[in-house]
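This report refers to the structure that appears directly beneath it.
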Amino acid sequence: MRRPRTGKFNQQGLGLISGLVTLSIAGLLFIFALRLFPIYYNYFSVRDIMRDVARENRGANVSQTRLWRSIEKRLNVNGIDYINASNFKVIRGKNVNWLNLKYEARTPYLWNIDLVARFDIREKS
């Protein structure tokens, strides 16, 4: 036996338009994460390099140029080429020196939109 139609229709589930919108937002978020992953992976490498150099030169009165060369060699080994000497500073205190590295990493996102991440790494030497 069939039920007579009453003219009301209750939609169940996702419609075509809302499904496409949901899928496109998920795709944009996936591309966002895919583009930012290498930047943060390099950040963790740079942070480890700064820690190693600070640990090696703890308490020593080493010139900024020598410290930068040590960092630069390690950056080259890791293939990180967008950090240069102008991003690096040594802040000298009475009993402690601080190694400071400020840099910006940029990657394309969509068309003319870029993702920019700024990092400021400070290690005690």
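Values quoted throughout were computed directly from the atomic coordinates according to the rules given, and no laboratory measurement underlies them. Remember, it's a predicted structure, so these values are computed and weren't measured experimentally. Cβ placement follows ideal geometry from the backbone for every residue including glycine, while neighbour counts extend to all protein chains displayed.
For the chain, the relative contact order works out to 23 percent when only alpha carbon pairs closer than 8 Å and six or more residues apart are counted.
Summing +1 for each Lys or Arg and -1 for each Asp or Glu, what net charge is found among the other residues whose Cβ lies under 13 Å from the Cβ of residue 78? Net charge in that neighbourhood comes out at -1. Here the chain is treated with +1 on each Lys and Arg Cβ and -1 on each Asp and Glu Cβ, and its dipole about the Cα centre works out to around 480 debye. Averaging over all projection directions, the Cα-based convex hull of region 21-125 occupies 7.7 nm² in the image plane. In this calculation the C-beta distance from residue 16 to residue 107 is compared with R0 = 30 Å, giving a FRET efficiency of 0.35. The C-alpha atoms of the chain define a longest principal axis, and helix 64-78 lies at about 40 degrees to it.
Report the net charge of residues surrounding residue 68, where surrounding means a beta-carbon distance below 13 angstrom and charges are Lys +1, Arg +1, Asp -1, Glu -1. Local net charge: +4.
On full extension, the segment bounded by residue 41 and residue 61 gains 4.1 nm, given 0.36 nm per residue less the C-alpha separation. A full extension of the chain between residue 70 and residue 48 corresponds to an added length of 6.6 nm, given 0.36 nm per residue minus the alpha carbon distance.
For a straight C-alpha distance cut-off of 23 angstrom, the lysines reachable from residue 124 (same-chain residues fewer than eight places away being disregarded) are 73, 89, 94, 102. Between helix 16-56 and the chain, what is the angle of the helix's C-alpha long axis to the longest principal axis, kept within 0 to 90° and rounded to the nearest 10? Once rounded, one gets 10 degrees. Projecting the Cα positions of 34, 84, 95 onto the charge dipole of the chain (unit charges on Cβ atoms of Lys, Arg, Asp and Glu, taken about the Cα centre) puts 34 furthest along the positive direction.
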